[in-house]
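First comes the structure, then the notes that go with it.
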Amino acid sequence: MDLIGKLSKHFSEEQLRFDQDSLAHFGTDRSRYKKPAPAAVVFPQSTEQVQALVILANEGHIALVPSGGRTGLSGGAIAHKQELVVSFDRMNKVLDINTTDRSVRCQAGVVTQQLQQIANDNQLLYPVDFASSGSSHIGGNIATNAGGIRVIAYGNTRNWVSGLEVVTGDGKVLQLNQGLVKNATGYDLRHLFIGSEGTLGFITEATMQLTEAPANLSVLVLAVVDVQSLMKVFDAFRLSCRLTAFECFSQRTVDIVCQHMGLEKPLHKESPYYVLLEFDNDSVQKEETVLATFERCIGQGYVSDGVMSQSAQQAKDLWRYREDISESINNYTPYKNDIAVRVSDIPLFVAELDQLIAQRYTHFESVWYGHIGDGNLHLNILKPENMVAEDFFTACAELNPHVFALVKKLQGSISAEHGVGLVKRDDLSYSRSEDEVAIMRAMKAVFDPRGVMNPGKILT
Ligand code: 2HG
Ligand code: ZN
């Protein structure tokens, strides 16, 4: 029986798509790294259906590619070799809200913003947040251990997963950790699935933890004179308040965002660097302490200007200078890198990176911005207008080893929060040892002995 025949036994007509538009849409992510070419798209509605699909794939040696919100930037959700795309769009039910446990159990296809809203409706917070929270799925966030803008205070997605239901690559359904706070019963398989990018199995359900909502978040945007000062500012504010975000961007990104989004400049004067910091402004004393720190930073010459939000709306507006960068620079067909070093190594890293860019990337303009409080920079090389995209990407890929060698020298990561997928797969050795990769392969073989789960992602 052919694939369509087999699928039709388990799935209704409206759960299957073969048309070109659907194949193109569901076969890719935001990296657009490879031309999508899946065989079909399936929309399971239950764990049993996912399990049936995995068993079918094992019998017929069919490769499966999980598809969430497809907001990834590393090609983890790309199907370019006639794979079967498994979309979680119809597994989007919230199954249980428990305010005593402060948890929400949901299917993998629930959108991040929906979980944030549920938390909010219950006077609680789901703290993982990023620009794509309106379309990314919880399952995808878990599969990539998504980070975002509040990692400095709340950590990555991993910290908020207290239970998982998964279907392994050989079709077993596992319930992992069941929402427990404490569970010291050996290897925690839940954590293997977090960040596994769909290479071990499918995440079908998750129990996500919630926390107290901050009383009143205020945002400060500061004009910072140089990289050394960025770290001084970081240290100073960290001592005076509990930071919930510490983000950095440059004048060039401000110009691009303002032009693309039609925004006014955040401050009167221009500055090489900007910091956006957020803190819980829950008392008059707190605000006074933070303002005193600001004055001190001005006095010491680290900061030349600044603005503090006076309302929730203004805080939201200020966030746009940081949150809208990724979308705004898309017009320049950027070549992206998402790198991390220890926070204390940032000044050294940036100095060497700037040198490298000045030496090697002479024909290209580059911008960097990111979660500097986590040691995570997004380096984006912008395509010159008159250059063909393919030539540009080839040229960038040739330059990449220099950036990665620098990352390796500082024992950093070549993918801080965007995952490995296809885009970073061949460069994994810059961040992981041969022994580690061998163990990863062995683990994959345990969960997915026939290699049906997202083949070619993370590992070759
Ligand atoms: C962000 O922090 C995202 O804005 C996207 O991680 C980064 O587009 C990028 O390079
Ligand atoms: Zn980011």
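The values are calculated or read from the model by the stated rules, or taken from the named source; none is laboratory data. These numbers come from a predicted model, not from an experiment. A quick note on method: Cβ atoms are made from the backbone with ideal geometry, for glycine too, and the neighbour counts reach across all protein chains shown. To get the accessible areas, we keep the full protein, side chains included, count just its heavy atoms, and leave off ligands, DNA and RNA. Shrake-Rupley method; radii C 1.70, N 1.55, O 1.52, S 1.80 Å.
Please report, largest first and rounded to whole Å, the three semi-axes of the ellipsoid equivalent to region 58-184, where each semi-axis is the square root of five times an eigenvalue of the C-alpha gyration tensor.
For region 58-184, the semi-axes come out at 26, 18, 13 Å.
Remark: accessible surface ordering of Arg296, Arg425, Arg320 (largest first) is Arg296, Arg320, Arg425, probe radius 1.4 Å. A Förster radius of 56 Å combined with the Cβ-Cβ distance from Gln20 to Gln228 puts the calculated FRET efficiency at roughly 0.55.
Once the Cα gyration tensor of region 376-460 is found, what semi-axes does its equivalent ellipsoid get, as square roots of 5 times the eigenvalues, in whole Å, sorted largest first?
Whole-Å semi-axes of the equivalent ellipsoid: 28, 17, 10.
Filter the cross-link list Lys6/Lys35; Lys232/Lys286; Lys336/Lys408; Lys34/Lys383 down to pairs whose alpha-carbon distance in this structure exceeds 24 Å. Table pairs above 24 Å Cα-Cα are Lys6/Lys35. Gyration tensor analysis over the Cα atoms of region 152-261 returns equivalent ellipsoid semi-axes of 39, 19, 13 Å (largest first, whole Å). Note that region 38-46 has calculated 3J(HN,Hα) couplings of x, 7, 6, 10, 10, 10, x, 10, 8 Hz, one per residue in order, obtained from phi through the Karplus relation 6.51 cos²θ - 1.76 cosθ + 1.60 (θ = phi - 60°); glycine and proline are x. Within region 2-79, the trypsin sites (Lys or Arg not before Pro) that combine a DSSP coil assignment with at most 13 other C-beta atoms in a 10 angstrom radius are Arg32.
Would you mind calculating the relative contact order of region 1-125 from Cα pairs under 8 angstrom and at least 6 residues apart, reporting the percent as a whole number?
Once normalised by length, the contact order is 24 percent.
Dipole magnitude for the chain: computed about the Cα centre from +1 point charges on Lys and Arg Cβ and -1 point charges on Asp and Glu Cβ, it is near 720 debye. Taking label points 7 Å from Cα along the Cα-to-Cβ direction, Ser135 and Lys182 give a separation of 4.4 nm. The 3J(HN,Hα) values that the Karplus relation (6.51, -1.76, 1.60; θ = phi - 60°) gives for region 65-74 are, in residue order, 10, x, 9, x, x, 6, 9, x, 10, 10 Hz. Gly and Pro appear as x. Across region 247-360, Cα-Cα distances exceeding 19 Å account for 58% of all pairs. Based on every Cα atom in the chain, Rg and the maximum pairwise Cα distance Dmax equal 22.7, 76 Å. Mean separation of Cα pairs under 8 Å and 6 or more residues apart, divided by the residue count, gives the chain a relative contact order of 16 percent.
Among the chymotrypsin sites (Phe, Trp or Tyr not before Pro) in region 170-231, those located in a DSSP loop and surrounded by at most 12 other Cβ atoms within 10 Å of their own Cβ are Tyr187. Set against the 2.2 N^0.38 Å expectation for a compact globular protein, region 328-403 has a Cα radius of gyration ratio of 1.10.
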